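The values are calculated or read from the model by the stated rules, or taken from the named source; none is laboratory data. Owing to the predicted nature of the structure, the values given are computational and were not obtained by experimental measurement. Every residue, glycine among them, receives a Cβ derived from its backbone with ideal geometry; neighbour counts consider all protein chains shown.
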């Protein structure tokens, strides 16, 4: 292959890399389609002094403790692996019951450690 042919192929490949996205973005001539909405992370891990707690594990423990704690938010919590407003509300109830501050609905290290310990004591009794 001649040197000039190789350079031509190299520039063509660079052109394709640079402009291929633009060429395929709007085949009908209209504006490119918007990107899909971000999806919430499923089953993120929350650190605690007793180890890691996933969203599913935290939801399972909150739900199990709910009836005994008198919290309908905890008792009725769906275990779906997605941390949303209902998980945060159930966590706020748990933080209030256990005297954890701040009451923010976040499964931080103190809340996660207290949840694990409370659940272990509850399931052993």
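Does the stretch 66-82 hold any residues that are surrounded by 22 or more Cβ atoms within 10 Å (Cβ to Cβ) and in a helix (DSSP H, G or I), and which are they?
The first filter runs over the stretch 66-82 and keeps only residues surrounded by 22 or more Cβ atoms within 10 Å (Cβ to Cβ), leaving 74, 77.
Result: 74, single match.
Within the stretch 97-112, which residues are in contact with a strand residue (DSSP E or B) (Cβ under 9 Å, 6 or more places away or on another chain) and either assigned to a loop (DSSP other than H, G, I, E, B) or crowded, with 17+ Cβ neighbours inside 10 Å (or both)?
Within the stretch 97-112, 106, 107, 108, 111, 112 meet the criteria.
Does at least one position in the stretch 40-57 carry a residue that is in contact with a helix residue (DSSP H, G or I) (Cβ under 8 Å, 6 or more places away or on another chain), in a helix (DSSP H, G or I), modelled with pLDDT under 95 and surrounded by 11 or more Cβ atoms within 10 Å (Cβ to Cβ)?
yes
Kindly indicate whether residue 121 is modelled with pLDDT under 95 and touching a strand residue (DSSP E or B) at 6+ places or on another chain (Cβ under 9 Å).
So residue 121 does not fit the description; no.
Working only within the stretch 66-86, note down all residues that are under 19 Å from residue 114 (Cα atoms) and out of contact with any helix residue (DSSP H, G or I) (no Cβ under 6 Å at 6 or more places or on another chain).
68, 70 - these are the residues of the stretch 66-86 that are under 19 Å from residue 114 (Cα atoms) and out of contact with any helix residue (DSSP H, G or I) (no Cβ under 6 Å at 6 or more places or on another chain).
Counting just the residues of the stretch 83-96 that are in contact (Cβ under 8 Å) with a residue 24 or more places away in the chain and crowded, with 17+ Cβ neighbours inside 10 Å, which one comes out farthest from residue 57 (Cα to Cα)?
First pass over the stretch 83-96, keeping only residues in contact (Cβ under 8 Å) with a residue 24 or more places away in the chain: 83-84, 87, 90-91, 93-94.
Restricting the remaining residues to those that are crowded, with 17+ Cβ neighbours inside 10 Å gives 83, 87, 90-91, 93-94.
Values: 83: 11, 87: 12, 90: 14, 91: 13, 93: 17, 94: 15 Å.
This residue is 93.
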